Amino acid sequence: MASCSSYVITFIFFISLCFTATRAQGLQYQYQVCSRNKFTPNSTFQTHLTTLFSSLSSKASNNVQFFNNTVTGTNPSDTVYGLFMCRGDIPSDLCNNCVGNATQRLSTHPDCSLSIEAVVYYDECILRYSNLSFFGTADMEVSSGYVLASPINMTNQESFKRLVYVSLNETADEAMSSGSDGEKFATKETDIDIFQKLYCLAQCTPDLSPRDCRSCLNSLINSDLPRCCAGRQGGRVLYPNCVIRFEIYPFYRSLGSAPTPTPPPPKFGGEEQERGQSIFLKKIHVDPVGEESSILEGLQFDLSTVKLATNNFSNESEIGKGGFGEVYKVWREWKNERPMGILDQNMKENYCESEVVRCLQIGLLCVQENPNIRPTMGRVVSYINNHSLELPSPQEPAFFLHGIDKRAMQQGSSSSISANSSMPFSVNEMSTSNFYPR
């Protein structure tokens, strides 16, 4: 009996080529807030700001996850204060890359290049500067914050809301206690049921006291999060000094645990970051039959079987069209909890049901609309070779009866969703870019 993984490997291969995961590029910009108060071009303040950006970038290149600095002169009004904080689970090279991109963005963006204070949020880091000192103080001004929530609700909302509340508070309690290096960062996994887990993250800037850190996180959990994200599949709240996030898929790298071994490939652990991928192509002999080729070695299905399974590519079996071809019944049958319904009844004796379901699930994970939550090629190989790995629940595929929310795709993922719903805070004497106020 042919392994079911061989049935779908070509499917996954071409899907992955069509939908290259943007997270392999490393950074996910989220939001920026820049003051409308401007400084004079070519002024001493601008010189000091350039010096500050250079010092922040230099420090980030030295394997530092958090740093604050002050650039002063003879005139107190020309003093510039700034800091960056990278997410506690990311590697140093990604932190360095994020800080470099953040300083460049604030230096060149039309809304920010002459602002006397600004903050920019990425998934991987936060960078902030001001003409006023803010070190060691939690900034809870709503004009500086940002929220991002999944538009999809959980089925059992009340129990899920309680679980999120408890889990985030436990994560916040752990984050407020400084580690040996002073960072205030924590993650937590909690079982939703036997099939799903809840993933939580909390972090504060290390310059806050434990009490101020917990107070900052408490405000996010008890005030901001219920308004934006109660009962949703995922959400996050970002402030300059503290952040929280929860999802029903793993979005952070595992800390303090060894990666899961996946023979024969090497270990894959957490949300690995790929710098590229190697593709090995094998020349396949194709036998021409009339006008069409009926057999490809790598596919395992001949043309007649595919025609039979799709009722000769009937429109009745079609549920949408995408950039790489027609999308058939897989997603519909999966949502209706009938995944085996897509198989030809003549194949009943030739497959293992659990393997088929797993392979279909992997394929659906590879065509989710938001590229940020699709598995990398390395993780796909890990899923296929290691059946002990738990698969996340697939979300709606791309081009499923509607188009892509381009704004959401640019902002990055907040949840395992087809399109993100972004809800920035209201504007208070500050300018924003491409967002509507809360």
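The values are calculated or read from the model by the stated rules, or taken from the named source; none is laboratory data. Quick caveat: nothing in here was measured; it's all calculated off a predicted structure. Please note: Cβ atoms are built from the backbone with ideal geometry, for glycine as well, and neighbour counts cover all protein chains shown.
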Worksheet item: Do we have TYR199 as in a strand (DSSP E or B) and outside the structural domain of VAL64 (by TED's automatic domain parsing) here?
Response: yes
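For GLU141, state whether it is surrounded by fewer than 21 Cβ atoms within 10 Å (Cβ to Cβ) and not hydroxyl-bearing (Ser, Thr, Tyr).
Yes, satisfied.
Looking only at the range 171-192, which residues are at pLDDT below 90 and either assigned to a helix (DSSP H, G or I) or of a type in the set (Gly, Ala, Ser) (or both)? Can you show your working first?
Initially, the range 171-192 is screened for residues at pLDDT below 90, giving 177-183.
Once the filter is applied, which keeps residues that are at pLDDT below 90 and either assigned to a helix (DSSP H, G or I) or of a type in the set (Gly, Ala, Ser) (or both), the range 171-192 yields SER177, SER178, GLY179, SER180, GLY182.
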Worksheet entry | Long-range neighbours under 8 Å by Cβ, at least six apart or interchain, first residue in the same structural domain as LEU238 (by TED's automatic domain parsing) within the range 77-91, second crowded, with 24+ Cβ neighbours inside 10 Å and at pLDDT 95 or above | none
Worksheet item: Consider GLY88 against the criteria (1) assigned to a strand (DSSP E or B); (2) under 22 Å from the mean Cα position of the chain (by Cα): it satisfies all of them except one. Which criterion is unmet?
Response: (1)
Worksheet item: Of (1) of a type outside the set (Gly, Ala, Ser); (2) in contact with a helix residue (DSSP H, G or I) (Cβ under 6 Å, 6 or more places away or on another chain); (3) closer than 22 Å to GLY82 by Cβ, LEU132 satisfies all except one. Which?
Response: (2)
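Taking LEU238, is it under 15 Å from LEU148 (Cβ atoms), modelled with pLDDT of 90 or more, under 15 Å from the mean Cα position of the chain (by Cα) and crowded, with 21+ Cβ neighbours inside 10 Å?
Values: under 15 Å from LEU148 (Cβ atoms): yes; modelled with pLDDT of 90 or more: yes; under 15 Å from the mean Cα position of the chain (by Cα): yes; crowded, with 21+ Cβ neighbours inside 10 Å: yes.
Yes; evaluated as a whole, the condition is true for this residue.
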Discussion item. Residues that are crowded, with 19+ Cβ neighbours inside 10 Å, assigned to a helix (DSSP H, G or I) and of a type in the set (A, V, I, L, M): does the range 149-170 have at least one?
Written reply: yes
Worksheet, complete the sentence: Filtering the range 122-138 for residues that are within 25 Å of the chain's Cα centre (by Cα) and in a loop (DSSP other than H, G, I, E, B) leaves a count of 2
Discussion item. If I filter the range 110-121 for residues that are within 19 Å of the chain's Cα centre (by Cα) and not assigned by TED's automatic domain parsing to the domain that holds ASP193, do I get at least one hit?
Written reply: yes
Worksheet item: Since ASP191 meets every condition but one in (1) within 30 Å of LEU389 (Cα to Cα); (2) in contact (Cβ under 8 Å) with a residue 24 or more places away in the chain; (3) among the acidic types (Asp, Glu), which condition does it not meet?
Response: (2)
Item to complete: Count, please, the residues in the range 35-61 that happen to be under 30 Å from the mean Cα position of the chain (by Cα) and in a helix (DSSP H, G or I).
Response: 9
Worksheet entry | Residue count, the range 107-141 (criterion: in contact with a strand residue (DSSP E or B) (Cβ under 8 Å, 6 or more places away or on another chain), β-branched (Val, Ile, Thr) and over 23 Å from LEU225 (Cβ atoms)) | 1
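Conditions tested, residue by residue: (1) surrounded by fewer than 18 Cβ atoms within 10 Å (Cβ to Cβ); (2) out of contact with any Gly (no Cβ under 6 Å at 6 or more places or on another chain); (3) outside any helix (DSSP H, G or I).
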| residue | (1), (2), (3) |
| --- | --- |
| VAL64 | yes, yes, yes |
| THR70 | yes, yes, yes |
| ASP93 | yes, yes, no |
| ASN101 | no, yes, no |
| GLN104 | yes, yes, no |
